[in-house]
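*Asks:* The structure is given below, and queries will be raised subsequently.
The values are calculated or read from the model by the stated rules, or taken from the named source; none is laboratory data. All of these numbers come straight from a predicted model, not from anything done at the bench. Glycine gets a Cβ as well: all are built from the backbone with ideal geometry, and neighbour counts include every protein chain shown. Quick note on the areas: whole protein, heavy atoms, side chains included, nothing else; ligands and nucleic acids left out. Shrake-Rupley method; radii C 1.70, N 1.55, O 1.52, S 1.80 Å.
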Amino acid sequence: MNTIIEHLTGMHTLTDQVIATDFLISAKSAVRSYAMAVTEAGTPEIKAILQKQLEESIDTHEKIMRYMMEKGWYHPWNMNEQLLLDLQNIKTALDVPVL
């Protein structure tokens with residue numbers, strides 16, 4: 001999207017939020033995948049490598065989650081606030097003019 005249009009419509013912040021949310025979802029998926037892979041590892045060496053990757057994925061998830069919480073984009077421990085934020089994001093997305 002054009003930078004000027006992003007700023008005029010307020011979409012520049014939403015774009016950052018969407019990217020961070022997508023990254024968070026991907027990090028969660030990586031944690032699940034590595035956790036499952038650790039249980040299926042065929043050798044102790046492979047298991048150790050997968051465990052290291054799992055720990056790094058958990059750390060990445062934590063960093064993204066903290067970043068989003070600092071920005072006010074994610075409220076994992078307050079479902080009411082998260083629901084209000086989600087509803088606001090839905091309304092914003094629906095109000096975006098179709099070009």
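*Asks:* For residue 71, which lysines qualify as cross-link partners when the Cα separation must be under 25 Å and same-chain residues fewer than eight apart are set aside?
*Replies:* Cross-link targets: 28, 63, 91.
*Asks:* Could you pull out which residues in the stretch 22-40 have an amide N less than 11 Å from a spot 7 Å beyond the Cα of residue 65, following the Cα-Cβ vector?
*Replies:* Only 28 fall inside the zone, counting backbone N under 11 Å.
*Asks:* I would also like to ask the following. What are the radius of gyration and Dmax of the stretch 20-81, computed over its Cα atoms and given in Å?
*Replies:* For the stretch 20-81, the Cα-based Rg and Dmax read 14.1, 45 Å.
*Asks:* Just how much of residue 64 is accessible, in Å², when a 1.4 Å probe is used and the result is rounded to the nearest 10?
*Replies:* Its accessible surface works out to 10 Å², give or take rounding.
*Asks:* Using DSSP to define loop residues, name the chymotrypsin sites (Phe, Trp or Tyr not before Pro) in the stretch 64-99 whose beta-carbon has at most 10 other beta-carbon atoms within 10 Å.
*Replies:* 77
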